[in-house]
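Data first, discussion second: the structure below is written as structure tokens.
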Amino acid sequence: MFEKYQYVLENLREASHLRRISNFDSKDEKYIYINNRKLLNLSSNNYLALADNKNITQKFLEEIGEQYSFGSASARLLTGTLPVYSELEGLITSLYKSGGTLLFNSGYHANVGINSSLASKGDVIFSDKLNHASIIDGMRLSEGKFFRYPHNNMDALEKLLIRERKNYKDAIIVSESVFSMDGDIADLKKLVELKNKYNCILVLDEAHAFGVFGKNGLGVSEDMDILNEVDLLVGTFGKAIGSMGAFVTGKKVLIEYLVNKARSFIFSTALPPINIAFSKWIIENELPKTYQRRIKMLELGRKLGSESQIIPVIVGPNDKTVELCEILYQNGYFTLPIRPPTVPEGTSRLRLSLTTDINEKDMEKLCSIIGSINQTIKN
Ligand SMILES: Cc1ncc(COP(=O)(O)O)c(C=O)c1O
């Protein structure tokens, strides 16, 4: 009865595709400890070094944290909405000057809920080929049709729009802003132009940009001054903010629609109040202090050849990628191999993600190791 599963696992193992959960001895700010070895953690999304920060946790607990409980015991539409949830939604709405905001339990919940519910029968979604799995899963659950255009290829998207837009009623264009596995940035100005020209709704996932890009940390859309052109913008609290959960902010009618139609919102117990309070507290108290550190981190990312804090080192074959992770491990760096299906076949890579804690010294060593990695790949 279980042979099929064994067989699948064996095949994954042979192709160096098998995923395993790693255990760490402990984590401490920018380092991770494995077998008593201290490694610089280049594999987290803790971009602002706010997660695992004992001083910050302590300060939050002393200031307000003790008032909040660890369980909501209900979905938001039942008895799961305490004032702090609406306060956080209100805060996000005022920061973005949008029509409204809805919290989700995670970015995964948000993208599944949005992309499964926005397009009905007879509608269509146009999605960047490298969009996150949660966007793909949402589209798969949708009653609408979806097309995936080649990554960041605006000409291809326009050709698709010319060919297909007229065949459908409502249309949605969905993209990440900073792409999670490639660290590059979508051509947001062009996306806005196309959504206006072809009468589409624009949904932008700023999971890796919220808290990192923009004067107030609102994302690449803030940097590019197009916030009011994005119909729905997704941000997550589990990455730069060092907490957990997500929000979608944008047009009032769409937010109200999601409250009624996004099943991942409706049918799931709300996050604990203490967690919501922590996200709100971080956004109000810590995020505004991070501007200089964020700029420095992004400069470092650029120096390492990326447009963001995420630096892909594309290797290709799975086994070679695993091998290179080992080289970095031996040199005191913790990276994980990113393999299909997370990334397209033949593009296995190391995904180095920076945090504001990484200093000049780390940077120098990192640069020389990346240089030697590139050399290894060429050979
Ligand atoms: C672009 C993007 N969107 C959404 C998510 C999911 O967010 P969460 O981890 O909060 O579920 C991720 C997670 O890595 C992501 O990279």
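The values are calculated or read from the model by the stated rules, or taken from the named source; none is laboratory data. The structure displayed is predicted, hence computed values, not measured ones. Here Cβ is always computed from backbone atoms with ideal geometry, including for glycine, and neighbour counts include all displayed protein chains. Surface areas here come from the heavy atoms of the whole protein model, side chains and all, with no ligands, DNA or RNA. Shrake-Rupley method; radii C 1.70, N 1.55, O 1.52, S 1.80 Å.
Here are some notes:
- Residue in segment 109-128 that is under 18 Å from the mean Cα position of the chain (by Cα) and in a loop (DSSP other than H, G, I, E, B) present: no
- The set of residues from segment 196-213 being surrounded by fewer than 22 Cβ atoms within 10 Å (Cβ to Cβ) and more than 15 Å from residue 115 (Cα to Cα) comprises 196, 197, 198, 199.
- Yes/no for residue 216 being within 27 Å of residue 299 (Cα to Cα) and surrounded by fewer than 19 Cβ atoms within 10 Å (Cβ to Cβ): yes
- Check on residue 23, within 16 Å of the ligand (Cβ to nearest atom) and of a type in the set (S, T, N, Q): no
- Checking each residue in segment 35-70 for being in contact with a helix residue (DSSP H, G or I) (Cβ under 8 Å, 6 or more places away or on another chain) and exposed (fewer than 13 other Cβ atoms within 10 Å of the Cβ) picks out 63, 67, 69, 70.
- Within segment 277-305, the set of residues being in contact with a strand residue (DSSP E or B) (Cβ under 7 Å, 6 or more places away or on another chain) and open to solvent by less than 30 Å² (accessible area, probe 1.4 Å) comprises 301, 304.
- Selection status of residue 107, at pLDDT 95 or above and away from the ligand (no atom under 16 Å from the Cβ): no
Let's see how each residue does on (1) touching a residue at least 40 places away in the same chain (Cβ under 8 Å); (2) of a type in the set (A, V, I, L, M, F, W, C); (3) not assigned by TED's automatic domain parsing to the domain that holds residue 342:
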residue	(1), (2), (3)
2	no, yes, yes
8	no, yes, yes
13	no, no, yes
24	no, yes, no
29	yes, no, no
36	no, no, no
41	yes, no, no
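- Test: residue in segment 161-172 that is open to solvent by less than 40 Å² (accessible area, probe 1.4 Å) and touching an Asp or Glu at 6+ places or on another chain (Cβ under 6 Å): no
- Segment 258-286 residues that are of a type in the set (Lys, Arg), paired with ones that are outside any loop (DSSP other than H, G, I, E, B) and open to solvent by less than 40 Å² (accessible area, probe 1.4 Å) (beta carbon under 8 Å, 6 or more apart): 261/117; 263/113; 263/116; 263/117; 280/84; 280/88; 280/91
- Those helices (runs of 4 or more DSSP H) lying entirely in segment 130-247 with at least 3 residues more than 16 Å from the ligand (Cβ to nearest atom): 154-164, 188-197
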